[in-house]
1. Using a simple charge model, +1 on the beta-carbon of Lys and Arg, -1 on the beta-carbon of Asp and Glu, nothing else, what dipole does the chain show about its Cα centre, in debye to the nearest 20?
2. Return, ordered by residue number, the residues of the range 218-249 whose backbone nitrogen is under 12 Å from a label point located 7 Å along Cα→Cβ of LYS461.
3. Starting with the highest mean, order 391-404, 177-190 by the number of other Cβ atoms within 10 Å, averaged over the residues of each peptide.
4. In Å², what does the accessible area per residue of the range 378-469 work out to with a 1.4 Å probe?
5. Could you go through the range 296-302 in sequence order and give the Karplus-derived ³J(HN,Hα) for each residue, using 6.51 cos²θ - 1.76 cosθ + 1.60 with θ = phi - 60°, rounded to whole Hz, and x for Gly and Pro?
6. Give the aspartates and glutamates whose C-alpha is closer than 14 Å to that of LYS165, dropping any in the same chain fewer than 8 places away, or say none.
7. What aspartates and glutamates sit close enough to LYS303 to cross-link, taking a C-alpha to C-alpha distance under 20 Å and skipping anything fewer than 8 places away on the same chain?
8. Work out how much length GLN286 to SER413 would gain on full extension: take 0.36 nm times their residue separation and subtract the Cα-Cα distance, in nm to one decimal.
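The values are calculated or read from the model by the stated rules, or taken from the named source; none is laboratory data. Here the structure is a predicted model, which means the values were calculated and not measured. Backbone-built Cβ (ideal geometry, glycine too); neighbour counts: all protein chains shown. Accessible surface areas use protein heavy atoms only, side chains included; no ligands, DNA or RNA. Shrake-Rupley method; radii C 1.70, N 1.55, O 1.52, S 1.80 Å.
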Amino acid sequence: MSTELNNTAPGSEHVIFNPADSSELGRVRWSTIEEIDRAVATAAEAFPAWSGITFKQRAQVMFSFKARVEDNLDELSEICSAENGKTAAEARAGIIKGVEVIEYAASIPQLIAGQYLEVSKGVTCRSIREPLGVTAAITPFNFPVMVPLWIIPLTLCLGNTLVLKPSEQVPFSAIRLRELLLDAGLPEGALQLVHGGRDAVERLAVHPEIKAVAFVGSSKVAEIVYNKGTGSGKRVLALGGAKNHLVLLPDADPELSTSNIVDSFVGSCGQRCMAASVLLAVGDVQRIVDAIAEKTRAVIPGKDTGPVISRSALEKITGYIDQAERDGATVLVDGRGVRGEGHPAGCWIGPTILDNVRPEMSVAREEIFGPVLSIIRTPTLEEALEIERNNPYGNAATIYTQNGALAKRCAESFNAGMIGINIGVPVPREPFSFGGRNNSRFGYGDITGPGAIEFWTTTRKITERWGDYKIAGWIS
Ligand code: NAD
């Protein structure tokens with residue numbers, strides 16, 4: 001099995017594999033550039049009617065969509081799990097998080113009322129939010145339902161139309177989401193799906209009709225899409241990769257921090273932009289490190305975790321572990337060669353812990369995107385903070401301590417944009433915005449919450465005078 005053997009030319013048929021057992025799940029034809037242009041034109045034709053109804057009417061579609069996603073939760077979880085490899089429970093949890101965004105979108109009419117003020121006697125200013133037009137979204141493989149749901153309900157409910165290009169590795173969840181949305185009352189043209197890889201993304205990034213692009217994926221591609229999109233006059237919010245650090249202090253609650261740290265780096269087989277990657281073990285925390293290793297050894301791939309997405313991802317992850325070993329790291333728990341229970345084939349790796357990692361090693365600096373925890377020992381908190389602050393990413397960071405003052409200090413001095421205090425996957429839930437900093441985010445705004453309302457709309461400011469007023473204080 002190798003998705004890499006697939007022809008990547010627009011118009012060619014692409015095979016989608018189940019990463020758990022390498023079986024073929026189905027095929028999707030990649031859109032040609034002409035088909036992408038047609039999808040954009042269709043979304044542009046749908047825009048006047050869709051943007052012409054009220055926020056409240058669009059919110060009704062979101063209420064129906066939420067009900068349909070919930071009614072079809074088992075089926076959606078199965079699709080997501082089959083194409084991505086997540087366990088059924090992980091797939092379900094991601095979808096439920098996505099449903100929170102639909103709920104937030106459905107509440108937009110309550111959030112979006114504009115401002116109105118009499119600024120001089122008889123003169124009023126008001127501002128109203130308006131949609132931008134055709135928008136585009138490009139999403140990664142690791143959350144086939146949740147990441148599209150960060151984007152679809154918000155841009156649509158705000159009155160835009162959307163062209164979505166899901167990851168070529170997991171197209172089926174997005175296809176099902178669109179069916180559910182159309183069933184909920186969305187006009188056909190308002191959400192267009194296109195399929196493909198680099199050619200499709202590059203066309204969307206520069207298409208003159210598209211006003212704004214949301215991208216979620218690796219930092220390398222995020223930067224390319226940001227530069228191309230902004231270079232052609234668009235708004236672009238491009239979320240990139242991550243290298244999340246957890247700081248463990250000797251006074252941390254041993255039980256809580258142990259299970260929290262293991263869940264953070266093992267969950268979704270480490271393929272989460274919020275996953276723990278580096279554990280900065282400060283001072284004498286050996287008993288907690290021992291407990292983390294013990295709990296990790298008890299994880300059963302195939303039952304507690306899924307596989308990674310592809311053969312090439314597996315090779316990349318094992319390559320990082322091999323390199324760290326050659327560089328002098330201690331392999332405390334070794335997941336190389338471990339197969340998923342009941343799965344003779346597939347892209348399996350067990351959770352792995354590397355100890356005595358040094359900050360200059362590649363496992364300490366680069367995004368691995370697999371179930372690998374690299375432990376760097378530091379004698380002081382200051383040194384730990386220095387390492388976190390020197391990393392070029394900025395998605396998430398966590399401090400484990402029972403000391404409120406130290407927790408506050410870390411939270412305020414970390415490099416990352418999303419901070420956990422005794423929480424290893426510090427995802428801000430609705431109504432808070434999700435988004436990191438530095439190389440984890442190119443552009444302004446956030447992908448969800450109030451930052452997304454700002455990103456997907458523009459404001460119109462109207463200053464008006466009616467009646468026969470003598471205006472004393474008017475400045476013009
Ligand atoms: P990826 O960058 O390989 O792909 C993302 C999207 O870009 C896909 O739709 C893909 O088709 C397209 N693409 C791939 N290569 C391209 C190229 N050269 N030019 C143009 N388009 C290209 O990412 P992935 O492997 O699908 O997902 C994993 C990455 O996403 C990780 O780095 C992870 O940290 C990141 N991620 C970040 C967040 C976040 O919120 N910051 C959330 C989820 C995932």
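1. The calculation lands at about 1420 debye.
2. none
3. Details: 391-404: 23.2, 177-190: 17.9.
Sorting 391-404, 177-190 by mean packing, highest first, produces 391-404, 177-190.
4. 50
5. With coefficients 6.51, -1.76 and 1.60, one gets 5, 5, 7, 6, 10, x, x Hz.
6. Qualifying aspartates and glutamates at Cα under 14 Å: GLU35, ASP37, ASP199, GLU202.
7. Of all the aspartates and glutamates, those that pass the test against LYS303 - Cα under 20 Å, at least 8 places apart if same chain - are ASP21, ASP74, GLU75, GLU78, GLU83, GLU90, ASP263, GLU294, ASP334, GLU341.
8. That works out to 43.2 nm of additional length.
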